1. Does at least one position in segment 41-57 carry a residue that is assigned to a strand (DSSP E or B), of a type in the set (V, I, T) and either modelled with pLDDT under 95 or open to solvent by 30 Å² or more (accessible area, probe 1.4 Å) (or both)?
2. Can you confirm whether segment 240-252 contains a residue that is of a type in the set (A, V, I, L, M), in a helix (DSSP H, G or I) and either within 16 Å of the ligand (Cβ to nearest atom) or within 30 Å of A39 (Cβ to Cβ) (or both)?
3. Can you find, within segment 412-428, the residue that is surrounded by the fewest Cβ atoms within 10 Å (Cβ to Cβ) among those that are among the small types (G, A, S) and at pLDDT 70 or above?
4. Among the residues of segment 260-280, write down those that are open to solvent by 10 Å² or more (accessible area, probe 1.4 Å) and either near the ligand (Cβ under 9 Å from one of its atoms) or closer than 14 Å to A228 by Cβ (or both).
5. Would you pick out the residues in segment 122-158 that are small (G, A, S) and open to solvent by 10 Å² or more (accessible area, probe 1.4 Å)?
6. Would you mind telling me which numbered condition in (1) more than 12 Å from the ligand (Cβ to nearest atom); (2) within 17 Å of D348 (Cβ to Cβ) E309 fails?
7. Determine, yes or no, whether A296 is in contact with an Asp or Glu (Cβ under 6 Å, 6 or more places away or on another chain) and either at pLDDT below 95 or near the ligand (Cβ under 10 Å from one of its atoms) (or both).
8. Out of E96, E64, E72, which single residue is open to solvent by 60 Å² or more (accessible area, probe 1.4 Å), more than 30 Å from T196 (Cα to Cα) and either in a loop (DSSP other than H, G, I, E, B) or modelled with pLDDT of 90 or more (or both)?
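The values are calculated or read from the model by the stated rules, or taken from the named source; none is laboratory data. Because the structure is a prediction, the values reported are computed rather than measured. Cβ sites come from the backbone with ideal geometry, for glycine too, and all protein chains shown count toward neighbours. Keep in mind that these areas ignore ligands, DNA and RNA; they rest on the heavy atoms of the full protein, side chains included. Shrake-Rupley method; radii C 1.70, N 1.55, O 1.52, S 1.80 Å.
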Amino acid sequence: MIQKVILPVFLAFALSVCVRAQEPEPVNYGAIATYDETAIPRYSIPDFLVSGDGTPITTVKQWEERRADILEMLQKEMYGHMPEHPKDLHFKVGNEDSGAIGGKATRKEVTVFLNADESQSFTMLMYVPNGKTGPVPAFLGLNFQGNHTINDDPGITVFDPEKIDTTRFIGIPERGAASSRWPVERLMDAGYALATVFYEEMTPDIPGHPASGILPFGKDWGNICAWAWGLSCAMDYLVTDPALDPGRIAVVGHSRLGKTSLWAAAMDRRFAMAVSSCSGCCGAAFSRRKIGETLAAVRQNFPQWFTPEFDRYADDENTLPFDQHFLIALIAPRPVYISSAAEDIWADPHGEFLSGKLASPAFVLYGEKGLVTDPDLAEPVSEGYKRVSGYAITNEFNGGTVSGPARDRGNVISDALLFKGFPKADTPLKDGFVGYHVRTGKHDITDWDWEQYISFADSRMK
Ligand code: GCU
């Protein structure tokens, strides 16, 4: 009897010692994240400007080939493959009201049908500013709680709870519950249309692939890819709407939906600009910086988001053949705006800045500047970053190319100068084609964030 108890306890203990002994970075292991910059394990920076055979990439032509390979790699290793758009994809416009938002906008709802018998659909809510002479630019983004939550407009159709997997909900959210995240009036005043879809009308955000999801599921795509695909199907409508300028439609998203907007823009080049708010780990943040949320945490908490292949890297980010700056680079030369929140360390603002900065050489290839930092707005490099050495990026970087050790594939580098130029809170960097800000406050998307996206779009999405 005693043996029966002692043996398993002993084995469990021995196993835990072995497991611990294998852990190179116990502080950051798995879902137990650190918030301490000095505890981040050393990491390498993979270089996207080198072809498979080691040739440096110096022309757009070479880059376009390499870009196609990277796109394929990211599909295979992380997001999964998107199917073709359905041949029976079609749209119906309804619930139009030209007196919405105090008369400033025309509201309409577009049902996006994925099949001929109309059994599979999702609803896109749109506001188009009134009184504009020509077609207007637009933002398209997914929302978290239902179209009716983005504004207290009583005319917005509330989703059908029968069609939604409500595991995540306690009742249907109130009208306008998320209106602080969707400044419809500001957008109308600025001359932008807004289109939005409740993300769980596309597929529920719970582990596994329940039958209630209306998007077709291939075996090899995760939810982030599925939502991005849904956005791309929605885009098929937007580019045909005569009220909109098809060449000036941006994709926007917050948090997991910011992860989605970046992937949507990478996959679908019709998106003229991408905005990610607090997209964090597996969005704009550099995966190898193990601070806040880590790949292991994503694997543990959100196994539905990426492919099973991606799970392999969660135990050692340094084995990833890419990092999230590759994703931003895929969007070049289209403008990308990355925003962080100072208190949102879980999403790693420095890591979000870093991906934007390291992606910049792709923009330079097209003759544009990437992330342009401003010494007058920069935070002094903090103590935490001075720790590692041996390698450091010594060359000044300002929307130009990264040269020196950062370009040596696989080198372990110092954080010290990588973060040079990281801006003080609430001082947006908008001079290049990669915009960035870190806003005071929490994980959120606010009116002030939108003000920055709009001014960036005004100057970049031409
Ligand atoms: C969690 C998750 C993040 C995600 C966020 C959100 O915090 O860990 O990866 O971005 O939810 O979507 O709100």
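1. Looking only at segment 41-57, we keep the residues that are assigned to a strand (DSSP E or B), and these are 44, 50, 56.
Those left that are additionally of a type in the set (V, I, T): 50.
Okay, now just the ones that are also either modelled with pLDDT under 95 or open to solvent by 30 Å² or more (accessible area, probe 1.4 Å) (or both), so 50.
Within segment 41-57, one or more residues are assigned to a strand (DSSP E or B), of a type in the set (V, I, T) and either modelled with pLDDT under 95 or open to solvent by 30 Å² or more (accessible area, probe 1.4 Å) (or both).
2. Looking through segment 240-252, none of the residues is of a type in the set (A, V, I, L, M), in a helix (DSSP H, G or I) and either within 16 Å of the ligand (Cβ to nearest atom) or within 30 Å of A39 (Cβ to Cβ) (or both).
3. Initial filter on segment 412-428 (among the small types (G, A, S)): 414, 416, 421, 425.
Applying the additional criterion that residues be at pLDDT 70 or above yields 421, 425.
Numbers: G421: 23, A425: 15.
My answer is A425.
4. Hits for segment 260-280 are M267, D268, R269, R270.
5. Of all residues in segment 122-158, those small (G, A, S) come to 131, 134, 138, 141, 146, 155.
G131, G134, G155 - these are the residues of segment 122-158 that are small (G, A, S) and open to solvent by 10 Å² or more (accessible area, probe 1.4 Å).
6. The number of the failed condition is (2).
7. On the way: in contact with an Asp or Glu (Cβ under 6 Å, 6 or more places away or on another chain): no; either at pLDDT below 95 or near the ligand (Cβ under 10 Å from one of its atoms) (or both): yes.
No; evaluated as a whole, the condition is false for this residue.
8. Working: E96 fails: more than 30 Å from T196 (Cα to Cα); E72 fails: more than 30 Å from T196 (Cα to Cα).
Exactly one residue qualifies, and that residue is E64.
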